[in-house]
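Data first, discussion second: the structure below is written as structure tokens.
The values are calculated or read from the model by the stated rules, or taken from the named source; none is laboratory data. Remember, predicted model here, so these are calculated numbers, not experimental data. All Cβ positions, glycine included, derive from the backbone under ideal geometry; neighbour counts span all protein chains shown. In case anyone asks, the SASA skips ligands and DNA or RNA and just uses the protein heavy atoms, side chains included. Shrake-Rupley method; radii C 1.70, N 1.55, O 1.52, S 1.80 Å.
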Amino acid sequence: MQTTDVLVIGAGIVGAACAHALVQAGLSVRIIDARVGGATAAGMGHLVVMDDNPAELALSKSSLDLWHAWAPQMDAGCAFTACGTLWLAANEEELQAAHIKRATLQAQGVACEMLDAAALARAEPALRPGLAGALKVKGDSVVYAPRAAQWLVAQAAAHGTVVFEKAEAAQIDGQTVTLRDGSQRSAGAIVLASGIQAPQLCPGLPLRPKKGHLVITDRYPGTVHHQLVELGYITSAHHSDGTSVAFNVQPRPTGQLLIGSSREFDTTDPAVNNAVLARMLQRALGYLPGLADLNAIRTWTGFRAATPDSLPIIGPHPAHPHLWLAVGHEGLGVTTAPATAQLLAAQITGSTPPIDPMPYAAQRFDSWGAA
């Protein structure tokens, strides 16, 4: 049986970041994943400070600081771009919400500024006329997440012992993981970071799938300059049931536009739902009418792993010694992977966590049910 300090199940952005942080802490790491891709490959790769609650703000801001520290070292394939986010206010009510958001972010040292209607039109001429304004968050960025995950693993391997094994974990028993072929791997600690697949290895995890659709266009450089998100996205993103859509468009360094977003609960059917896709695109056209003239070249779906309170679970499993959890990041896995990894590595090694770990602890759920 092969032994290592830590065995990480999942090679997406969260698992890769965990491997990176654990090696930095002086531990040897084995990563196991048979489905390299998953939510990391399906998502938008946005890096955005979110402030729906203090815990989300702490995790996302801490992570953005790390992303910006890494950016100068990342290779071109990671496509890191500090494009900023414009949170769009369609009316006076949303404009007031933008002012509140600005105050919250500025209180935490996040650089942001209000744009009035005229300034918004100058910043993004393709937007429809009549919007009330926007909040510009300067440090928000985008990254090509699959390549960034590979980069993190490569960086870890360059500074310590990392073994990557393309294999499927079938069972976790104490400090042993049994693979689908029957062979076993053991470790001092096991980190479960396999997204929506995690409940198959750890039954009872309070995770629900949230299906999302994305569309990418052909190359139209200069059409959009910032990531554009409607302020109504915040409400839509945290609906606990039903299907919802919201406007979210991201410029890629290639000149392509990535168009979202949608949410459907409790389905694992990967097929494109044409009715939901039509609603999503209609919503996008309401903000960017010129999208109707652009050529879409690909549409796909992915699955976010959502907890009941929309915060990830980071830390020890309450009932299984040696098992550590880094799951339930919903649509913020790419954004919050760095701080998740730092937080988990600190707990595993007994060092001081960079932020308070309690809001993300598994124990906050009553019998793995509602928060």
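Okay, here's what the table says:
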| quantity | calculated |
| --- | --- |
| Any hit, the stretch 141-161, residues being open to solvent by 10 Å² or more (accessible area, probe 1.4 Å) and in a strand (DSSP E or B) | no |
| Residue in the stretch 128-138 that is among the β-branched types (Val, Ile, Thr) and part of a helix (DSSP H, G or I) present | no |
| Some residue of the stretch 69-90 being over 30 Å from SER194 (Cβ atoms), without any contact (Cβ under 8 Å) to a residue 40 or more places away in the chain and crowded, with 17+ Cβ neighbours inside 10 Å | no |
| Options SER194, SER262; residue that is without any contact (Cβ under 8 Å) to a residue 60 or more places away in the chain and surrounded by 21 or more Cβ atoms within 10 Å (Cβ to Cβ) | SER262 |
| Cβ-Cβ under 9 Å pairs, at least 6 apart or on other chains, the stretch 269-291 side open to solvent by 60 Å² or more (accessible area, probe 1.4 Å), far side of a type in the set (D, E, K, R) | ASP269/LYS211; PRO270/LYS211; ARG283/GLU230; PRO289/ARG128 |
| Pair list, Cβ under 6 Å, 6 or more apart: the stretch 330-342 residue more than 14 Å from MET44 (Cβ to Cβ), other residue among the small types (Gly, Ala, Ser) and not in a helix (DSSP H, G or I) | THR340/ALA326 |
| Positions within the stretch 5-32 being open to solvent by 20 Å² or more (accessible area, probe 1.4 Å) and out of contact with any Gly (no Cβ under 6 Å at 6 or more places or on another chain), in sequence order | GLN24, ALA25, GLY26, LEU27, SER28, ARG30 |
| Any hit, the stretch 44-57, residues being small (Gly, Ala, Ser), buried (at least 23 other Cβ atoms within 10 Å of the Cβ) and touching a strand residue (DSSP E or B) at 6+ places or on another chain (Cβ under 8 Å) | yes |
| Checking GLN96 against (1) in a loop (DSSP other than H, G, I, E, B); (2) surrounded by fewer than 21 Cβ atoms within 10 Å (Cβ to Cβ), the condition it does not meet | (1) |
| Within the stretch 110-127, tally of residues that are touching a residue at least 12 places away in the same chain (Cβ under 8 Å) and in a loop (DSSP other than H, G, I, E, B) | 5 |
| Residue in the stretch 326-339 that is closer than 17 Å to ALA189 by Cα and surrounded by fewer than 17 Cβ atoms within 10 Å (Cβ to Cβ) present | no |
| Count - residues of the stretch 20-50 that are acidic (Asp, Glu) and at pLDDT 95 or above | 0 |
| Options GLY45, GLY109; residue that is on the phi > 0 side of the Ramachandran plot and under 18 Å from the mean Cα position of the chain (by Cα) | GLY45 |
